[in-house]
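Following: one structure in structure tokens, then a few remarks.
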């Protein structure tokens, strides 16, 4: 089995006349956590959103180059974007529980994809909430509004919602930035468990978090991938002076 899940080849992204990414070449391994670090506006989130074609929702965006998932080009003309986004789930910075019950939040995706059988939905909801380490906290109030959950619980609910449609890749855009330290620790534990079954790419401003949760780290600066290596190697022995300056706090 090919251990490379995602391959970016000469990826360039433009927002109108502004170039946000320059020639990004990156191989992301299956069942690993890859962290993307770098100062604000350096292209991390743009690259993340390129992996499930979310950038296309922005007016005036232009994309050159290619991203391959399981060796298949995702920017080919015949790609079903809905199927791609089912395979590549996304967790955003701000926990975004839908204004419906906890149960319906998790069942939402499977319903859209045609699952109507209540027994099957019950199984998916339970399995997804268990996988997101939330089942024990909410199993007695599945009909309660999801918006009543704490921020940390809502973020794990969002992850359960992503898991419910059976993705292969999970993208996380600063998933802990709005959370308190205890909720952040729970989220990091969850990421460590999920890596067994999913390929995870996480954007984080928190370098300690990148060091704790990821197997590989990519350092972005001004739209370019400056350095990409095993996390421990990148933090302990950076090859590029700019990487060293960033992780030691000399800029950024």
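Since every read-out is calculated from the coordinates, none of them should be taken as a lab result. What you are looking at is a predicted structure, and each value in this text was computed from that prediction instead of being measured. Note: ideal-geometry Cβ built from the backbone for every residue, glycine included; neighbour counts use all protein chains shown.
Tabulated results
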{"read-out": "Rounded to 5, percent antiparallel among DSSP beta bridges of the chain", "value": "60 percent"}
{"read-out": "Computed lengthening from residue 31 to residue 188, 0.36 nm per intervening residue step minus Cα-Cα distance", "value": "55.0 nm"}
{"read-out": "Average Cα contact separation per residue, the chain, under 8 Å, 6 or more apart, as relative contact order %", "value": "28 percent"}
{"read-out": "Rounded FRET efficiency, nearest 0.05, which uses the C-beta distance separating residue 224 from residue 248 and R0 of 25 Å", "value": "0.80"}
{"read-out": "CD proxy at 222 nm, helix term only [per DSSP H run n ≥ 4: -39500 (n - 2.57); per residue of the chain; nearest 500]", "value": "-10000 deg cm²/dmol"}
{"read-out": "Ranked packing of 44-50, 86-92, most packed first, by mean Cβ within 10 Å", "value": "44-50, 86-92"}
{"read-out": "Cα-projected label distance for residue 136 with residue 93, points at 7 Å along beta-carbon direction, nm", "value": "3.3 nm"}
{"read-out": "Kirkwood hydrodynamic radius over Cα pairs of the range 136-252, then Stokes diffusion coefficient at 25 °C and 0.890 mPa s, in µm²/s", "value": "154 µm²/s"}
